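What follows is a set of notes on a single structure, which appears directly below.
Bear in mind these aren't lab numbers, they're just calculated from the coordinates by the rules spelled out. Everything numeric in this text was worked out from a predicted model, so none of it was measured. As a convention, Cβ positions derive from the backbone with ideal geometry for all residues, glycine included, and neighbour counts pool all protein chains shown.
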Amino acid sequence: MSTATLGIGISRLGQVSVNVHNLERAVSFYRDTLGLPLLFTTGDLGFFNCGGVRLMLTPPEKPEFDHPGSVLYFVVADIEGAYSQLVAKGVKFVAKPHLIAKLPDHDLWMAFFHDTEGNLQALMSEVKRSA
């Protein structure tokens, strides 16, 4: 999609914010359990690189913002392998990886889990079918 298509010049998603109540615990989860590269922490904020999109962990600024965030869909090549590794690290999944949709040239698989702060997150894999 070109910037002309987007009208105001948006070219990509730059940052996503996830609410946390315990920054140290959340940083450990996203860094040590999910394996995302920690960029830096400052004050009560933590920043990660997620494939070129910055992920910010932050406590809610006001009571009305204190709710689970949007679901982040982490793309993995091998969803069964990633699922097994995370289960071994104590991650609690809602369900095992399952087929979401059969698309023309690939199958879409997902597995949903909760982070240490109660936010729903997901693994996502687009599996090409043999020709």
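Applying the Karplus relation 6.51 cos²θ - 1.76 cosθ + 1.60 with θ = phi - 60° to region 91-97 yields 3J(HN,Hα) values of 6, 9, 8, 5, 7, 5, x Hz, where x marks Gly and Pro.
Summarising the label geometry, the points placed 7 Å from Cα in the beta-carbon direction at GLU80 and LEU120 lie 2.6 nm from one another. Of the GluC sites (Glu not before Pro) found in region 58-126, the ones in coil according to DSSP and having at most 11 other Cβ atoms within 10 Å of their Cβ are GLU61. With the charge dipole of region 1-103 set up from +1 on Lys and Arg Cβ and -1 on Asp and Glu Cβ about the Cα centre, the Cα lying farthest toward the positive end among the listed residues ALA95, PRO63, THR33 is that of ALA95. Give, as ranges by residue number, the residues of region 67-88 whose backbone N falls under 14 Å from the point 7 Å along Cα→Cβ of ASP107. Those under the cut-off are 78-81. Computed from point charges on the beta carbon alone (+1 for Lys and Arg, -1 for Asp and Glu), the dipole magnitude for region 10-128 about its Cα centre is near 160 Debye.
Taking 0.36 nm per residue of sequence separation and removing the Cα-Cα distance, the VAL71/ASP32 pair yields an extension gain of 12.1 nm. Taking all Cα pairs closer than 8 Å and separated by 6 or more residues, the relative contact order of region 10-128 comes to 25 percent.
Mean residue ellipticity, 222 nm, helices only, the chain: the sum of -39500 (n - 2.57) across DSSP H runs of n ≥ 4, divided by residue count and rounded to 500, is -3500 deg cm²/dmol.
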